[in-house]
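In what follows, a structure is listed as structure tokens, so that the remarks can point back to it.
The values are calculated or read from the model by the stated rules, or taken from the named source; none is laboratory data. Just so it is clear, the model here is predicted, and its values are computed rather than measured. Every residue, glycine among them, receives a Cβ derived from its backbone with ideal geometry; neighbour counts consider all protein chains shown. Note: areas computed on protein heavy atoms with side chains; ligands, DNA, RNA excluded. Shrake-Rupley method; radii C 1.70, N 1.55, O 1.52, S 1.80 Å.
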Amino acid sequence: MTNGQAAPAWNDTIVALSTPPGIGALGVVRLSGPQAIAIADALMPGKKLSGKPSHTLHVGWLKHHDVSIDEVVISLFRNPKSFTGEDVVEISCHGSPYILQQTIDACITMGARLAKPGEFTQRAFLNGKMDLAQAEAVADVIASQTAAAQQAALHQMRGGFSHELAQLREQLIQFSALIELELDFATEDVEFADRTALQQLLVSINTVVQQLMDSFKLGNVIKEGVSVAIIGKPNAGKSTLLNALLNENRAIVSDIAGTTRDTIEEVLNIEGVLFRLIDTAGIRQSGDVIETIGVEKSLEKLRKADVVLYLFDVHAYDEPALKEAVSLLQENARQFILIGNKADYAADIPEARLGSNNYIPISAKTGINLDVLKDKLVQTVMQGKTNQESTIVTNARHFAALQQVSNSLHDIQQGMAQHIPGDLIALDIRRCLHYLGEITGTITNEDQLDFIFSKFCIGK
Ligand code: GDP
């Protein structure tokens with residue numbers, strides 16, 4: 001199936017509640033399809049909506065069989081200038097679940113059917129209003145809980161990612177056409193496709209693909225949050241630090257995908273990045289989560305976290321033991337920050353002596369350098385990238401397709417180095433094009449689409 005073609009002819013009209021269920025000031029019921037305007041017209045007699053232009057608002061009484069449902073505002077969007085590309089009507093009612101249900105029931109009686117999850121966005125995709133990566137970004141925008149997640153999703157929804165891939169695909173298609181042309185002249189041993197230029201193109205595609213794949217780690221972190229473990233000996237000041245961070249930066253979040261309640265206790269939002277403080281229950285209960293970081297249980301925790309904050313009391317520490325802790329961190333932690341706490345009353349510790357340049361002296365109690373620590377946390381995660389301008393892959397499906405693109409690029413390059421026949425190279429190029437196309441939905445099948453959109457909620 002290909003998008004961007006003539007609009008698929010749906011003859012049914014779908015309806016759903018597009019705002020969250022429950023009581024609110026307003027609730028919006030959305031209709032999309034060829035009968036959307038006629039249905040609204042029938043429910044708001046006297047307004048003659050069928051004759052009204054696109055992008056207009058109409059205030060009036062919604063009635064079903066002469067019984068008033070509510071005084072509402074109707075927004076009218078005519079195809080193709082609407083979210084789905086079809087005629088769309090949005091009915092803003094007062095946010096009573098009873099009224100909203102009556103409104104939906106009235107639309108169904110008039111010929112609409114209840115939309116499936118993600119069906120509005122699916123129609124938008126199939127009508128060529130957006131590509132698949134953009135459609136998926138709609139779900140991410142709705143789910144975003146921090147500025148970083150919001151910006152990455154908005155960038156993708158605006159088509160930043162798609163644009164980058166489309167350009168690469170375009171160039172590769174040109175080569176593929178030339179190589180396939182050579183096959184028609186197989187007996188004459190001609191080369192239409194300049195092999196050196198093809199090599200260069202493969203290298204540049206590979207660079208972009210690798211950058212995108214690398215960005216997935218960051219993308220995942222932005223979407224799911226960065227796991228942080230605070231460890232250190234009893235009395236180092238772990239719970240004081242935890243409370244200090246929570247006082248200022250506690251994040252308001254709903255559920256975070258792929259995480260369980262017992263491992264996460266607290267979530268922070270620092271400069272728009274979500275940090276999940278893991279195993280905080282241990283800090284609260286016993287104060288000695290990790291007494292000696294050498295024990296296997298502690299090492300496991302340390303390896304699990306994206307970032308480890310290792311805290312020690314600058315006033316009471318044993319230098320050889322601390323150095324050993326640092327080398328264990330270097331070997332086992334993905335990233336770590338060494339924190340010398342209680343700097344409000346003790347001398348600073350020179351970094352060189354600790355064998356780590358990831359060292360910050362702070363005072364969890366008085367707040368000295370807490371801002372520096374927070375900046376360092378964000379820097380450690382973002383690694384200098386500002387996600388407003390760069391494309392960051394946040395979707396596991398895209399990452400999997402990029403891996404396939406990377407594998408097929410490797411096969412093409414290897415094939416060329418071994419001077420394999422053009423028809424085999426052409427096959428590898430087609431495979432590469434296939435996976436590039438899968439991301440934006442240029443190449444896809446119905447089952448895959450149903451799967452992707454079924455993960456949306458109803459009304460999207
Ligand atoms: P934990 O066992 O690692 O969780 O340590 P706590 O957070 O319970 O702190 C142990 C003791 O050190 C408490 O009496 C805290 O008030 C004190 N403390 C923590 N941070 C600081 C600090 O930055 N400066 C000073 N002077 N005392 C601190």
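Some notes on this structure:
- Each residue in the stretch 55-78 was checked for being open to solvent by 50 Å² or more (accessible area, probe 1.4 Å) and in contact (Cβ under 8 Å) with a residue 40 or more places away in the chain, and 1 pass.
- The stretch 327-348, residues that are more than 14 Å from the ligand (Cβ to nearest atom) and at pLDDT below 85: none
- Within the stretch 383-410, being open to solvent by 50 Å² or more (accessible area, probe 1.4 Å) and at pLDDT 90 or above holds for Gln403, Gln404, Asn407, His410.
- In the stretch 217-231, the residues that are open to solvent by 30 Å² or more (accessible area, probe 1.4 Å) and touching a helix residue (DSSP H, G or I) at 6+ places or on another chain (Cβ under 6 Å): Lys223
- Residues (free of Cβ contacts under 8 Å to residues at least 24 places away in the same chain and touching a helix residue (DSSP H, G or I) at 6+ places or on another chain (Cβ under 8 Å)) located in the stretch 411-430: Asp411, Gly415, Leu424, Asp428
- When residues of the stretch 217-230 are limited to those that are closer than 11 Å to Leu277 by Cα and aliphatic (A, V, I, L, M), the one farthest from the ligand (Cβ to nearest atom): Val226
- Top-ranked residue in the stretch 18-32 [being in contact (Cβ under 8 Å) with a residue 24 or more places away in the chain and out of contact with any strand residue (DSSP E or B) (no Cβ under 6 Å at 6 or more places or on another chain); ranked as surrounded by the most Cβ atoms within 10 Å (Cβ to Cβ)]: Gly24
- Condition check for Leu242: at pLDDT 85 or above, within 16 Å of the ligand (Cβ to nearest atom) and assigned to a helix (DSSP H, G or I): yes
- Contacts under 9 angstrom Cβ, first residue in the stretch 225-238 being among the hydroxyl-bearing types (Ser, Thr, Tyr), partner in a loop (DSSP other than H, G, I, E, B), 6 or more apart: Ser227/Thr259; Ser227/Thr263; Ser227/Ala305; Ser227/Asp306
- Those residues of the stretch 79-104 which are outside any strand (DSSP E or B) and over 21 Å from Lys460 (Cβ atoms), in sequence order: Ser96, Tyr98, Ile99, Gln102
- Taking the numbered list (1) in contact with a helix residue (DSSP H, G or I) (Cβ under 8 Å, 6 or more places away or on another chain); (2) within 16 Å of the ligand (Cβ to nearest atom) in turn, Pro234 passes all entries but (1).
- Among residues of the stretch 103-142, those that are under 19 Å from the mean Cα position of the chain (by Cα) and either open to solvent by less than 50 Å² (accessible area, probe 1.4 Å) or without any contact (Cβ under 8 Å) to a residue 24 or more places away in the chain (or both), counted: 17
- Qualifying residue in the stretch 167-184 (condition: over 30 Å from Asn269 (Cα atoms), assigned to a helix (DSSP H, G or I), open to solvent by less than 10 Å² (accessible area, probe 1.4 Å) and in contact with an Asp or Glu (Cβ under 8 Å, 6 or more places away or on another chain)): no
- Filtered residue count, the stretch 85-112, keeping only those that are closer than 15 Å to Ala40 by Cβ and out of contact with any Pro (no Cβ under 9 Å at 6 or more places or on another chain): 17
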